[in-house]
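Data first, discussion second: the structure below is written as structure tokens.
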Amino acid sequence: MSKNLFPLYCGTFLLRRCSRSAAVLAGLFLAGCATVIPDGMENHIIAADYRGNPTFFDTVDPAGEVVHQKKSFKFDKYLEDMSESIRRSRRKKIMIYCFGGMNTLGETIEASARNARIIMKDSPDVYPIFINWDSELFGCYLEDLLVVRQGIANYWMGPMTAPLLFVTHLLEALCKLPAGMLYQTIGREDTKKQVQYEEISKELQKRSTDIAWHLGKDLSEHKWRKLSRFGYVVGFPARVGTTALIDTFGSRGWREMRRRARLCFNKEPDQSSPYGNFVSMFATEPDGVFSRFARMLIAYTKNHPDTEITLIGHCMGTIIATEFLSRFQELPIRNIVFMAAASSVQETTAVVRPYLLSHPKAHFYNLCLHPWIDWFDMMDYCVLPCGSVLEWVNIHLTEPLSKEDYTIGIWDVAMASLPRQMTGVEKQVTIKGFGIQDPGTNINPGDFPHQHTDFSNPASGFWKPEFWQIPPQETEEDSDEPEIP
């Protein structure tokens, strides 16, 4: 090596190592203590790190003694044990649940273990499997700022350009702030009544009479909404800062989350230079954790053809679900359940419709909150921007090119788009909007779901068909009215 080039080589080597170390340390800081779950629950958990590699955990017995250390797991053997566990359980219904974004792996893995126990006890015919991935927002932003360039990890260009990018992000936050505040302020005085929501839905749905739909009633007291509007005014100064953070820095983190969702299926190889092994990403079979899991599940269902699969995605977990559907159409999925979906109209219909056409027995359920909650939810005492996370995605985290880029988990968007874009499979589609304090639709204790995060709460019973399906009494009433399916 030339002596003139040696200092440059050393400099780039140190930059690459330091940036990689910074990313690892950030991950360790955010993850906190090591994840520990009860022994036996590992057969219900698939977890991927931010590079698409398998993530393991310690398992303990009831006395708290470690049974398996995470370093003892091998993923191929792990999948074999999971397949054998499904077979031994004699359960014919496999539920695959995909966690949404903005979560740490430790949080979702521990939640997976708790929820798996609840479901195994509550539903003796269901075998739950939880899909976990590292999507913590702050860690994703750091990865985007320090490491990722042009869609790949670049450990020498990343840290070199990070200071300039950070300054650019600050300036962009200031420039976008007026528009962001204006977007979330318009329409705060909405006065729509339940009957208006229903009339709008009927008008939108006229394009198709075959898609089943139901919108729960808003039976809540409206007096508190005046107080919420007052709180919106009081919280305005704080929201100036939080809106800038979410509008600019959050959008970068969101972009990295979407990238990680893909790496979980087709992981990025370790690279000694920025583009050294770029071609190998496309020359080999996808080896991300979720692809390997899907191939195991395909093999299992071929040997057990009476197995029925339900695929559930919550929020950004629907983006993971669309990857499963597009990459592995051999999976015999009976129920596709999207709960407050963050996937767009275009990416959902482009994948779900072909799957339904090739699987006539499959059914797609699109579950939404009541429109009022999505539009005007006041989170954290009005300190954060108004609206649900899905409204944040449409207004702050992404830049939609058209209405087809809006999230399909919002009731109005679903009603306007699905009748037009699900031609040929209308009878395999259900759109369900939950009410507010409506015992006919929100039949679970605590009026679930009332907020975006309620969908993933086991108290909602999200794995049960009655949670996805239109209430029977509503179906009977609708059968007497030809304009409503």
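General remarks:
- Three-way shape label, region 50-191, alpha-carbon gyration tensor, a/c 1.5: oblate
- Label-point separation, Glu399 to Lys92 (7 Å along Cα→Cβ), nm: 5.2
- Charge context of His452, other residues only, Cβ under 10 angstrom, K/R +1, D/E -1: -4
- Other residues within the sphere of radius under 11 Å centred on the Cβ of Tyr127, judged by their own Cβ, net out at +4 (K and R +1, D and E -1).
- Peptides ranked, highest mean first, by Cβ atoms within 10 Å: ranges 301-309, 318-326: 318-326, 301-309
- Shape of region 362-450, Cα gyration tensor, a/c cut at 1.5: oblate
- Counted charge near Met257, where neighbours are those whose Cβ lies closer than 11 Å (Asp, Glu -1; Lys, Arg +1): +1
- For Lys217, residues with placed amide H under 5 Å, excluding near neighbours: Gly435, Ile436
- Long-range amide H partners of Ala212 with built H, under 5 Å: Val429, Ile431
- Using the average count of surrounding beta-carbon atoms within 10 Å as a protection proxy, the listed peptides 37-50, 96-109 rank, highest first, as 96-109, 37-50.
- With Cα atoms defining each centre, region 62-129 and region 421-457 are spaced 26 Å apart in the structure.
- For region 50-141, DSSP calls about 25 percent of its internal beta bridges antiparallel.
- Packing-based exposure ordering (other Cβ within 10 Å, fewest first) of Trp213, Trp375: Trp375, Trp213
- For the set Lys74/Lys302; Lys92/Lys217; Lys217/Lys464; Lys71/Lys93; Lys427/Lys464, the pairs lying more than 26 angstrom apart at their alpha carbons are Lys92/Lys217; Lys71/Lys93.
- Going by neighbour counts of Cβ atoms within 10 Å, the residues Lys427, Lys432, Lys217 line up, fewest first, as Lys427, Lys217, Lys432.
- Among the chymotrypsin sites (Phe, Trp or Tyr not before Pro) found in region 379-469, those both in a DSSP coil and sparsely packed, with 11 or fewer other Cβ atoms within 10 Å of their Cβ, are Tyr381.
- Taking the average, over residues, of other Cβ atoms within 10 Å as the packing measure, peptides 245-253, 68-76 rank 245-253, 68-76 from highest down.
- Ranked Asp438, Asp374, criterion: other C-beta atoms within 10 Å, fewest first: Asp438, Asp374
Laboratory data are not the source of any read-out in this text; all were calculated from the coordinates shown. Note that the coordinates shown come from a computational prediction; the quantities given were computed from them, not determined experimentally. Positions of Cβ are backbone-derived with ideal geometry, glycine not excepted, and every protein chain shown enters the neighbour counts.
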